[in-house]
Amino acid sequence: MNFLEERILKDGIVKEGNVLKVDSFLNHQMDIDLFNEMGREFKRRFEGIPINKIMTIESSGIGIACIVAQHFNVPVVFAKKSKSINIEGEMYVAEVESFTHKCKNQVIVSKKFINPEDKILIIDDFLANGCALQGLISIVNDAGASVAGIGIAIEKGFQDGGKIIRNLGYKLESLAIVKSMDSEKGTIEFTNRGEY
């Protein structure tokens, strides 16, 4: 069992509807020491792969992406879920559906922040059905850039997102893959690294 799995078992809460609450350390209150450990592990897993930019999606992935970026010494670009008046010029746009919020959003990235020569590591906190990731991948592809890899904190292995993304040929590394959860018993079972 790794450091993130241990923390999920200690502080994660399983709710009905396959919801895993990790807001005490991952996506509402953030444990920066844990994020730093995650950054080190992503750096190890993507060692030797040229990466010059980290990309994530607003908002829960931003904190993790920023700490991971320190380990790679590269900037972070995040896809915004709404157009604000201070975004100008041309944009890449993708539609994504949120498993958590049960809604569709258009996400946008200014064209000036992604170039064809970019080798991008996509980072996010959760992977469920893969819609957010597919949206980010489409933005990277539209820019003519390349997805160097994808790093996920927690993957729900019992949903199809991970399988879909891996079948598309991307190097996807999840630090914790949840095999099953039981809200009545409050139990969580993880997948071993060789099982996916």
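The values are calculated or read from the model by the stated rules, or taken from the named source; none is laboratory data. All figures in this text were calculated on a predicted structure; none of them were measured in a lab. Ideal geometry is used to build each Cβ from the backbone, glycine not excepted, and the neighbour counts take in all protein chains shown. Calculation scope for accessible area: heavy atoms of the full protein, side chains included, ligands and nucleic acids excluded. Shrake-Rupley method; radii C 1.70, N 1.55, O 1.52, S 1.80 Å.
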Average Cα contact separation per residue, the chain, under 8 Å, 6 or more apart, as relative contact order %
19
In Å², what does the accessible area per residue of the range 101-196 work out to with a 1.4 Å probe?
45
Starting from 0.36 nm per residue, how many nanometres of slack lie between residue 167 and residue 112 once their C-alpha separation is accounted for?
16.8 nm
May I ask you to compute the full-extension gain from residue 32 to residue 141, defined as 0.36 nm times their residue separation minus their alpha-carbon distance, rounded to one decimal in nm?
36.1 nm
Tilt of helix 60-72 relative to the longest C-alpha principal axis of the chain, in degrees (0 to 90, nearest 10)?
70
With the charge dipole of the chain built from beta-carbon charges (+1 for Lys and Arg, -1 for Asp and Glu) about the Cα centre, the Cα from 46, 108, 180 projecting farthest to the positive end belongs to 108
The percentage of the accessible area of the chain (probe 1.4 Å, all protein chains present) made up of carbon and sulfur atoms, to the nearest whole number, is 47
Student exercise, the range 1-146 dipole from Lys, Arg, Asp, Glu Cβ charges, in Debye to nearest 20:
180
How many Å² of accessible area per residue for the range 1-85, probe 1.4 Å?
53
From DSSP H assignment alone, runs of 4+ in the chain each adding -39500 (n - 2.57), the sum over residues rounded to the nearest 500 puts [θ] at 222 nm at -8500 deg cm²/dmol
At 7 Å along the Cα-to-beta-carbon direction for both residue 24 and residue 90, put a label point, then send me their distance in nm to one decimal.
4.9
Kirkwood Rh and Cα Rg combined as Rg over Rh, evaluated for the chain:
0.95
Could you go through the range 148-165 in sequence order and give the Karplus-derived ³J(HN,Hα) for each residue, using 6.51 cos²θ - 1.76 cosθ + 1.60 with θ = phi - 60°, rounded to whole Hz, and x for Gly and Pro?
6, x, 9, x, 10, 5, 10, 9, 8, x, 7, 10, 7, x, x, 5, 4, 5
Value of D in µm² per second that Stokes-Einstein yields for the range 123-188, Kirkwood Rh from Cα pairs, at 20 °C (1.002 mPa s):
171
